[in-house]
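Chemist: Starting off with a structure, shown below.
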Amino acid sequence: MSDLTRRGFGRVAAGMAASSLAAPALAQSANPIRIGYSMSLSGGLAANGRSSVLAHKIWMEDTNARGGLLGRPVELVYYDDQSNPGNVPALYTKLIDVDKVDIVTSPYATAMIAPAMPVVMQHGMCFVTLFGAGVNEAFKYDRHFSMNVTGDNIKETYARGFLEVAYKMLPTPPRSIAILAVDNDFAQRAAESARYLSRQRGLRIAYDRSYPPTTVDFTPTLRAVQATRPDLFFIASYPPDSNGILRAASELRITAPIFGGGMVGPQTAAVQAQLGPILNNLVNWDVYSPEPTMKFPGVEAFHAKYRARAQEEQVDLLGNYLQPYAYAQMQVVEQALKRVGKIDQAALAADMHANEFRTIVGDIRFSALGEWAQDRNLIVQFQGIKDGDLEKYKQPGTKVILYPESLRSGTLRTPYGAPA
């Protein structure tokens, strides 16, 4: 762990000597373009926060090697928000009023982005965010842009792929669904989507409960769900409870035809290594998989750089989740700055609304609310898993894409819990 992380904040200079060698036009004394944000380097969100910073660093180094932006080197200025939303407003006030950063981007996660919004809005800053869900529904800020696949209307889109897979790939149409969700904002939105879309299809909701984030023992809950014998089991959970739920499901030998839904945790290398074959045939929401259908230009080069440094930086070893999106977040800033040609917050926002962006996670456009104009919630299935070795997750075939059809790379295997 670096000294910066140990001190609880980070400020990464642009590496002027290396940049000068790669791009002689960049003068040693050039005034850097400074991009500032808070990020969870400690606390419950640190695993994703710290790996996002590594992705940002790789983007910064790539950009400076090409000559920087607007003839100036790029510098990142970031502080540890300790996964505490209460720390965020003061950090953004400091970044804008004291550090005088040119651009602000966001922390990771809905709960951390929302408290930054009033400060960013008060200062009229353009704000490209990372994995927030519906943050701008209440604010309706026209300079907010979200790097997240969920799109404008989570209620109508989030669980759609899960149900599409069930109806199109099961031998007989499902008749019932169980819904279980942790009591937090994102999970409740996910559960609402499953509930709403299930009712539209006439599915009987056999079980529909929430549980507190402090829950440790999921065995009694899963026994109650199991007693309803649902065809589909939709779970909206966060990493600590995802592990507990999946371990309890394995111990109870739950074999629902389709089990999974909106679990956050199985997307990460640490959980994949810990759970191994318990993940077999899990059908779940995701954002990226190294399948042939997602080989967007630049993503393999990014992963090569990221994985070469991940162990030393003590972050997610694979980078198969939000990490490419963190790099793409900065690509949006980069492309808008190049088109506008100057740091002008209003002009940058107008450009982001008007143009398409080519990124390592594909080509994207933003809606009026700043969400992706076209949602891209993936439904994947873990297949053929016999152990916790991570090498297989670098190759196609372990986490196949079932939805959307344009990215599909495999077919459904059922039931959950069947041996590999």
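The values are calculated or read from the model by the stated rules, or taken from the named source; none is laboratory data. Keep in mind that what you see is a predicted model, and the values were worked out from it rather than measured. Positions of Cβ are generated from backbone atoms using ideal geometry, with glycine treated the same way; all protein chains shown enter the neighbour counts.
Chemist: Hey, any hits in the stretch 222-230 for a residue that's surrounded by 15 or more Cβ atoms within 10 Å (Cβ to Cβ) and touching a Pro at 6+ places or on another chain (Cβ under 8 Å)? Outline the logic, then answer.
Modeler: Taking the stretch 222-230 and keeping what is surrounded by 15 or more Cβ atoms within 10 Å (Cβ to Cβ), we get 222, 225-226, 230.
Then keep just the ones that are touching a Pro at 6+ places or on another chain (Cβ under 8 Å); that gives none.
There is no residue in the stretch 222-230 that is surrounded by 15 or more Cβ atoms within 10 Å (Cβ to Cβ) and touching a Pro at 6+ places or on another chain (Cβ under 8 Å).
Chemist: Return yes when residue 335 is in contact with a Lys or Arg (Cβ under 8 Å, 6 or more places away or on another chain) and modelled with pLDDT of 95 or more and no when it is not. Talk me through it step by step, then tell me what you get.
Modeler: Numbers: in contact with a Lys or Arg (Cβ under 8 Å, 6 or more places away or on another chain): yes; modelled with pLDDT of 95 or more: yes.
When the stated conditions are applied, residue 335 passes them.
Chemist: Which residues, taken from the stretch 74-98, are among the hydroxyl-bearing types (Ser, Thr, Tyr), assigned to a helix (DSSP H, G or I) and surrounded by 21 or more Cβ atoms within 10 Å (Cβ to Cβ)? Break it down stepwise before answering.
Modeler: Going residue by residue through the stretch 74-98, those that are among the hydroxyl-bearing types (Ser, Thr, Tyr) are 78-79, 83, 92-93.
From the residues that got through so far, the ones that are assigned to a helix (DSSP H, G or I) too are 92-93.
The one that is among the hydroxyl-bearing types (Ser, Thr, Tyr), assigned to a helix (DSSP H, G or I) and surrounded by 21 or more Cβ atoms within 10 Å (Cβ to Cβ): 92.
Chemist: Could you go through the stretch 335-345 and let me know if any residue there is assigned by TED's automatic domain parsing to the domain that holds residue 300, surrounded by fewer than 17 Cβ atoms within 10 Å (Cβ to Cβ), part of a loop (DSSP other than H, G, I, E, B) and among the charged types (D, E, K, R).
Modeler: There is at least one residue in the stretch 335-345 that is assigned by TED's automatic domain parsing to the domain that holds residue 300, surrounded by fewer than 17 Cβ atoms within 10 Å (Cβ to Cβ), part of a loop (DSSP other than H, G, I, E, B) and among the charged types (D, E, K, R).
Chemist: For the stretch 26-74, which residues satisfy the criterion of being farther than 30 Å from residue 318 by Cβ and among the polar types (S, T, N, Q)?
Modeler: 28, 29, 31
Chemist: In this structure, does residue 363 turn out to be among the acidic types (Asp, Glu) and either more than 26 Å from residue 110 (Cβ to Cβ) or assigned to a helix (DSSP H, G or I) (or both)? It would help to see each step written out before you state the result.
Modeler: Values: among the acidic types (Asp, Glu): yes; either more than 26 Å from residue 110 (Cβ to Cβ) or assigned to a helix (DSSP H, G or I) (or both): no.
No; evaluated as a whole, the condition is false for this residue.
Chemist: Okay, next question. Anything in the stretch 16-59 that is at pLDDT below 95 and part of a loop (DSSP other than H, G, I, E, B)? List them, or say none.
Modeler: Those that are at pLDDT below 95 and part of a loop (DSSP other than H, G, I, E, B): 23, 24, 25, 26, 27, 28, 29, 30, 31, 43, 44, 45.
Chemist: Among the residues that make up the stretch 62-73, is at least one of them crowded, with 20+ Cβ neighbours inside 10 Å, small (Gly, Ala, Ser) and assigned to a helix (DSSP H, G or I)?
Modeler: No, the stretch 62-73 contains no residue that is crowded, with 20+ Cβ neighbours inside 10 Å, small (Gly, Ala, Ser) and assigned to a helix (DSSP H, G or I).
Chemist: So residue 358 fits all but one of (1) buried (at least 23 other Cβ atoms within 10 Å of the Cβ); (2) closer than 19 Å to residue 65 by Cβ; what number is the exception?
Modeler: (1)
Chemist: Between 236, 273, which is aliphatic (A, V, I, L, M) and farther than 23 Å from residue 398 by Cβ?
Modeler: When all the criteria are applied, what remains is 236.
Chemist: Related question: Please work out which one of (1) surrounded by fewer than 19 Cβ atoms within 10 Å (Cβ to Cβ); (2) in a loop (DSSP other than H, G, I, E, B); (3) over 18 Å from the mean Cα position of the chain (by Cα) is the condition residue 369 fails and give its number.
Modeler: Against the list (1) surrounded by fewer than 19 Cβ atoms within 10 Å (Cβ to Cβ); (2) in a loop (DSSP other than H, G, I, E, B); (3) over 18 Å from the mean Cα position of the chain (by Cα), residue 369 comes up short only on (1).
Chemist: Conditions first: (1) in the same structural domain as residue 193 (by TED's automatic domain parsing); (2) touching a His at 6+ places or on another chain (Cβ under 7 Å). Residue 370 passes all but one, so which condition is the exception?
Modeler: Residue 370 satisfies every listed condition except (1).
Chemist: Is it the case that some residue within the stretch 299-320 is assigned by TED's automatic domain parsing to the domain that holds residue 161, outside any helix (DSSP H, G or I) and β-branched (Val, Ile, Thr)?
Modeler: Taking the stretch 299-320 first, the residues assigned by TED's automatic domain parsing to the domain that holds residue 161 are none.
No - not one qualifying residue is present in the stretch 299-320.
Chemist: With the requirement that a residue be assigned to a loop (DSSP other than H, G, I, E, B) and either of a type in the set (Ser, Thr, Tyr) or in the same structural domain as residue 317 (by TED's automatic domain parsing) (or both), what does the stretch 378-403 give you?
Modeler: 398
Chemist: What pairs come up if the first residue lies in the stretch 193-222 and is of a type in the set (D, E, K, R), the second is in a strand (DSSP E or B) and exposed (fewer than 15 other Cβ atoms within 10 Å of the Cβ), and their beta carbons are under 7 Å apart, counting only those six or more places apart or on different chains?
Modeler: none
Chemist: Tell me whether the stretch 216-239 contains one or more residues that are closer than 18 Å to residue 161 by Cα and among the β-branched types (Val, Ile, Thr).
Modeler: Yes, because at least one residue in the stretch 216-239 is closer than 18 Å to residue 161 by Cα and among the β-branched types (Val, Ile, Thr).
Chemist: For the stretch 346-360, enumerate the residues that are under 22 Å from the mean Cα position of the chain (by Cα) and either free of Cβ contacts under 8 Å to residues at least 24 places away in the same chain or not assigned by TED's automatic domain parsing to the domain that holds residue 322 (or both).
Modeler: Within the stretch 346-360, the first condition is being under 22 Å from the mean Cα position of the chain (by Cα), and the residues that meet it are 352-353, 356-360.
Matches in the stretch 346-360: 356 only.
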